[in-house]
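Undergrad: Mind looking over this structure? Questions follow.
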Amino acid sequence: MTAETILRTEDLTKHFGEIRAVDGLALEVFRGDIYGLLGLNGAGKTTTIRMLMRLIAPTRGRILAFGEDIRAHQLDVLNRIGAMVEVPAFYPYLTGRKNLELLYGLSGGRDKARVAECLGIVGLAERGQHKVRTYSQGMRQRLGLAQALLTKPELVVLDEPTNGLDPQGIHDIRALIQRLNRDSGVTFVISSHLLYEIELTCNRVGIVHEGKLRVQDRVATLLASAKSVARVKAEPAETVRRVLADRKIEILSTDDGTCHIRCAPDDIADLAAALHDAHCRIHELAPGRVTLEDFFMAETGGNGGNTHAA
Amino acid sequence: MLPRVLRLVRFELAKLFRQKLPYVVLFPIVGAIFLVMLNAMDVHGEAPSNPMIRNGFEYLTTSCLWALRLVSVFAVVIASLSLSSEASHGTWRMMLVRPVTRTDVFVAKVLVIATVVLALFALTALASWGALHLSHGFWREGHYMSPLTEGKYTLMGEEVVSDPLRTKDILARDFRLALALSLLPLLASGCFGLLISSMFDNTGAAVGLAMFFAIFLYGFASVDRRAGRYVFSHSLEYGLSVAKHRAEGYSDKKWEREEIQRAWQVPLLSGLAFLGVAYVVFVKRDILT
C-alpha cells in the first residue's frame, strides 16, 4: 500500500537578491512520518519552513499540503497544521496561558480545557499563570510547542524544537513527538541541528545543503546503505597502514594513533587475523556504526570520519 | 472573512488593554483639557460674567484643540507600533501560521486603530464638555458665555446676537462642526502611522520616523499655509481654530465652504492612500523576523 503524501514541494525556490537560499527543493512527507529536515546553518531549512507556513513567498515552485496547493487553499491547509517557526515569540506582558488562549482564539478555539491540557502536555501546567517575560528559553520553547498542538493538527512543523532545552527537556519533547505520532497519527516535520536527536526521533530525513536537497529517504535505509565502520588501534602504524591498504580498507580518519576505517562487521575477524599475521600489537579493534551524523557530514562535505563505537 | 476579522479584533483589543500604553495615554489628554480650563479659572478669577472674560466656548475649543493634538500624536504612535511591534517581537511567526490571511490581520489592525482613535476622540469631547461645565457652571444659560458688550454677543466679528441662548446654540453648532472636521485628520494620522509601521521591523525606527515626519509636516503646514492645507493633519487645526475665533468674538474668521471641503477631503484621500500603500507593503513583504 502506498503511503499518502501529506506534504510535497515541487521545485521550491527562494532567492534573496543574488542569494539562492532554497533551490528547486522537492520534499515529500508521508502521513505518519516524523520527517527530519537536516542542514548546516544557512542551508535553507528555516527558509523552507517559512515558505511552508506562508511567511515568505517562494520565488518559484509550489507547495502541496493534504493534496492541495497551499497558496490557493491557505486557510483550509493552515487549519490542519500546527507550527513553531524558529525561536517561539510570545507577548511578554501576557501569561503563558493567556498567550495560548489568544492564539487558540485565532483558530476559532475557545476551549480553555484544551489550553490547560496543552500546557500540561509540555510540562508548563504550574507556570501557565506566570507572565512569559519570566520564562526561560526552554520554557518558551515548550510553550511554542504547546501552541503548535492546540488545534490537534494532523501535521506539525517544528523548527529546532529542542533549542535551549536541557537534556531532560530534550528527552521529554522527543518522547512527546513519538507518542503523538504513534497514538494520534500526527505527522511531524522537524528541522534540527541535533543529528543524534533526529536519528533517534525521525523515521525519514531530507538533507539540505546550500539550498538543495541532497538526500531524502528513510533513516534506516540511509544508514544501511552506508558501509559499516570500525576503529583500530595497533602498532607499528606503518604495518597497520600496509595491512589495511592490502585489504583495500579505507581509512576515514586517524586520531591519536586510532584509525577509523570502513569495515563491515563480518570482516573484523579477518582483519584481526591479518594484523596478527603481520606481527602487529593490537590494542583495540572495535566495530562501529555509521551514524546519521557521519552520513550528514559525508553528504555536506564536512569531516566524514567521525564514528561511534558500538 | 468577518468571523476571522472579529476574532483578530478581539485578539488585538485583548493585547492592547493588557499593556500600559493606553492607560498612560489618558493622563495627558484629560490633563490637557483640565489644565486649560483651570487656567481659565485661575487667570480670570471666579466671575465668569465679567465682560473681559472670554467665554466658555473659547476655552472649550482651546482645550479640545490641545487634547486632540495629543490624540493625533498617540494615533501616530499606536499605529506605528501596530505592525512593527509584531515584527520586532517575532510574533508574526505565531500569528500568521494560524488560519488567518494577511488581509484579515490588516483589516483587524485598522479597525483597532480606528477604535482607539474614536475612543480617545470621544473621551476628549466628553472631558472637554465636562470641564467646561465644571469651570463655567452647569447648564445655566448664559453663565459660561459672556457678552463682549453689555447684553450683546458678537460672532464672526459681524453677527451681533443679543439672545444668549441663541448664541449658545450657534457656538455649540460651531463646536460640533469643528469636532467633526477634526476626526478625519486623526484617523489619517493613524493611517500614516500604519504606513510607516508596515515598512519597518523595528519599533524604535517606526515610531521615531513616524513622529519625525508627522512633526515635520505639522511644522511645514504652519510655515507654508498655502501648501500646508494639503497636509493630512492640517485640518485638525482648522475647524477648532475657526470655532475658537468665532467664540472669541474679536476675529472676523469665518467658516468657508471651500476650506470645509478641503478639511475633510484631504485627510480622507490621504488616509485612504496611506492605507492602500501600507496594505500592499504588508501583504507582499516576507516575514523574516
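The values are calculated or read from the model by the stated rules, or taken from the named source; none is laboratory data. None of the values given here were measured: they were computed from a predicted structure. Here the Cβ is made from the backbone with ideal geometry for all residues, glycine too, and neighbour counts use every protein chain on show. Side chains are part of the model used for accessible areas, which takes the heavy atoms of the whole protein and leaves out ligands, DNA and RNA. Shrake-Rupley method; radii C 1.70, N 1.55, O 1.52, S 1.80 Å.
Undergrad: Would you mind computing Rg(Cα) / (2.2 N^0.38 Å) for the stretch A:1-133, counting N as its residues?
TA: 1.23
Undergrad: If you don't mind, another one. If you count only protein heavy atoms and use a 1.4 Å probe, how large is the accessible surface of A:GLU238, to the nearest 10 Å²?
TA: 140
Undergrad: Could you give each residue of the stretch A:39-46 its phi-based ³J(HN,Hα) in whole Hz, using Karplus coefficients 6.51, -1.76, 1.60 with θ = phi - 60°, and x for Gly or Pro?
TA: Couplings: x, 6, 4, x, 6, x, 5, 5 Hz.
Undergrad: If you don't mind, there's one more thing I want to ask. Rank these by accessible area, largest first, 1.4 Å probe: B:GLU58, A:GLU284, B:GLU258.
TA: Descending order: B:GLU258, A:GLU284, B:GLU58.
Undergrad: Taking Cα pairs under 8 Å and at least six residues apart, what relative contact order does chain A come out at, in percent?
TA: Relative contact order comes out at 19 percent.
Undergrad: Once you sort the root eigenvalues of the Cα gyration tensor of the stretch A:80-135 as a ≥ b ≥ c, which label holds: rounded (a/c under 1.5), prolate (a/b larger than b/c) or oblate (the other case)?
TA: Note, shape of the stretch A:80-135 comes out rounded.
Undergrad: Still on this structure: Once the whole set of protein chains is in place, how much accessible area is left on A:HIS283, using a 1.4 Å probe, in Å² to the nearest 10?
TA: 100
Undergrad: Here's another thing I want to ask about it. Would you mind checking A:LYS212/B:LYS284; A:LYS212/A:LYS248; A:LYS112/B:LYS20 for any pair whose Cα atoms are more than 30 angstrom apart?
TA: Checking Cα-Cα distances, A:LYS212/A:LYS248 exceed 30 Å.
Undergrad: Now for a different question. For the full complex of protein chains and a 1.4 angstrom probe, list B:LYS244, A:LYS152 by accessible area with the highest value first.
TA: The most accessible residue leads, giving A:LYS152, B:LYS244.
Undergrad: Ranked by accessible surface with a 1.4 Å probe, highest first, in what order do B:MET199, B:MET94 come?
TA: Largest accessible area first, the residues go B:MET199, B:MET94.
Undergrad: Using only protein heavy atoms and a 1.4 Å probe, report how much of B:TYR218 is accessible, in Å² to the nearest 10.
TA: Counting only protein heavy atoms, the figure is 90 Å².
Undergrad: How much of the calculated P(r) for the stretch A:165-232 lies past 17 Å, in percent of all Cα pairs?
TA: More than 17 Å apart: 53 percent of the Cα pairs in the stretch A:165-232.
Undergrad: Which residues' amide hydrogens lie under 5 Å from the amide hydrogen of A:VAL22, considering only partners 5 or more residues apart or on another chain, with H built in the peptide plane?
TA: The answer is A:LYS14.
Undergrad: So what's the angle, to the nearest 10 degrees on a 0 to 90 scale, between helix A:112-121 and the longest Cα principal axis of chain A?
TA: The answer is roughly 20 degrees.
Undergrad: Excluding A:PHE66 itself, what net charge comes from residues whose Cβ is under 11 Å from its Cβ, given Lys and Arg +1 and Asp and Glu -1?
TA: -2
Undergrad: Considering the convex hull of the alpha carbon atoms of the protein assembly as shown, report its projected area averaged over all viewing directions, in nm², one decimal.
TA: So the mean shadow area of the Cα hull is 36.2 nm².
Undergrad: Hey, another quick one. Name the long-range amide H neighbours of A:VAL229: under 5 Å, sequence gap of 5 or more, or other chain; modelled H, no Pro or chain starts.
TA: Amide H neighbours of A:VAL229, under 5 Å, 5+ apart: A:CYS263, A:GLY288, A:ARG289, A:VAL290.
Undergrad: In the stretch A:72-203, what % of DSSP beta bridges are antiparallel (nearest 5)?
TA: Expressed as a percentage, antiparallel bridges in the stretch A:72-203 total about 10.
Undergrad: Are there GluC sites (Glu not before Pro) in the stretch A:43-134 that DSSP marks as loop and that have at most 11 other Cβ atoms within 10 Å, and which are they?
TA: The qualifying sites are A:GLU126.
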